[in-house]
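A short worksheet on the structure shown next.
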Amino acid sequence: MMKDMKNYILFIWVCLLVGGCGNDENELTPSRADRDWYVIEDSDDPVGHELYLLYQKYDIPVFVNDTIGQEERGTDYYGNPIVYYCVLDMSYTVGASATGNGVKSRGYSLLQDVEDQFAGIAFLDKYLIPALPEGVYFNSILLLDSLYEMRMSSTGWGEERKDLNVYKGVMTLAIGQGKAIAKMTPEEQVKHKGLILATLALEQMQEEQLTDFYMVSYDSEKKFSYYQHVVNYAPNAAMPSAKCEVYGFLDYDSRYYAMNEGKDPSQWIYYTISKAEDLEDFVTAFFQYEEQEFKDKYADYPLVLEKYEIIKELMEELGYV
């Protein structure tokens, strides 16, 4: 009797297992994990066709709309189709917040004009994409009309807008100022390419790579840094009045331009810039000038030339040369 009972229970378990497997198969739903939203298909639309050709050439998907695809995913309770839209979200990130350092929010507007879209595509094809270092990868590139951040005002009250040339997000590399790019001359587009590359390069550089660069603007005898310090003509001043290039800088605190206008450099009073501003100036200059052009311009300033050589070496390491 006990053996028959055991066989009966085993039979019930087998039936439940088989029946359960059958139900699971019937209720399977598509995972949609096989859909690659970043593949560009050819299109009868002229802009779409150019984007397809760009994708074929560089294997980088470029978009002029932040909504890059859609698909129906069943129906709702009332029988209406449920449509999923895949949107390039610049705020999407993994882990840390996508904003910080005074940035309150990030915004943009789409590049609507077809001629501006064509001009933006040509800019990417002719200037920007070929200049990207080998091995640098982006999920996609999004061409925009405007791209900006809202930051805390320098006064601490309210917010102020800062327009951006580029922003590197997880889902896309957003290229701003598309309408302005369309109106640029070839020479201006080359300069603009340099601004974008400078921003990307600055993001790649590590603090430990910059020690030698910062040490150029440092008086080793006095153990005195030139950064964020006052320059004036007072007797025994730590930094006597002189052009900022004498101390290895390409610029000085812009708040003091008017104070020195028309004066001899030996009578200037100003503050020197921060390390971050100095680095940005030199990286930007590296992409904005031909090497000989830069060296001719600053031939009388050995500290400037020394910094340039350090930045050039770093750019070579990162693959920009």
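The values are calculated or read from the model by the stated rules, or taken from the named source; none is laboratory data. From a predicted model like this one, the values you see are computed outputs, not experimental measurements. Glycine also receives a Cβ, built like all others from the backbone with ideal geometry; neighbour counts cover every protein chain displayed. These accessible areas exclude ligands, DNA and RNA; they are computed on the full protein's heavy atoms, side chains included. Shrake-Rupley method; radii C 1.70, N 1.55, O 1.52, S 1.80 Å.
When K191 is tested against the conditions (1) part of a strand (DSSP E or B); (2) touching a residue at least 60 places away in the same chain (Cβ under 8 Å), the lone failure is (1). Among residues of the range 248-265 that are modelled with pLDDT under 85, those with a Cβ under 8 angstrom from a residue that is not in a loop (DSSP other than H, G, I, E, B), sequence gap 6+ or separate chain, pair up as D253/Y270; D253/Y271; R255/Y271; Y256/Y270; Y256/Y271; M259/Y270; N260/Q267; N260/Y270. Tell me which residues, restricted to the range 290-321, are open to solvent by 40 Å² or more (accessible area, probe 1.4 Å) and touching a helix residue (DSSP H, G or I) at 6+ places or on another chain (Cβ under 7 Å). Scanning the range 290-321 gives K295, Y301, L303, L305, K312, V321. The single condition among (1) touching a residue at least 40 places away in the same chain (Cβ under 8 Å); (2) out of contact with any strand residue (DSSP E or B) (no Cβ under 8 Å at 6 or more places or on another chain) that Q228 does not satisfy is (2).
Residues considered: L147, L143, L128. Of these, the only one that is closer than 25 Å to E115 by Cβ, modelled with pLDDT under 95 and either among the hydrophobic types (A, V, I, L, M, F, W, C) or open to solvent by 50 Å² or more (accessible area, probe 1.4 Å) (or both) is L147. Looking only at the range 106-125, which residues are open to solvent by 70 Å² or more (accessible area, probe 1.4 Å) and closer than 17 Å to I60 by Cβ? None - no residue of the range 106-125 is open to solvent by 70 Å² or more (accessible area, probe 1.4 Å) and closer than 17 Å to I60 by Cβ, so the list stays empty. Under the condition of being in contact with a strand residue (DSSP E or B) (Cβ under 8 Å, 6 or more places away or on another chain) and among the small types (G, A, S), the residues counted in the range 231-250 number 4.
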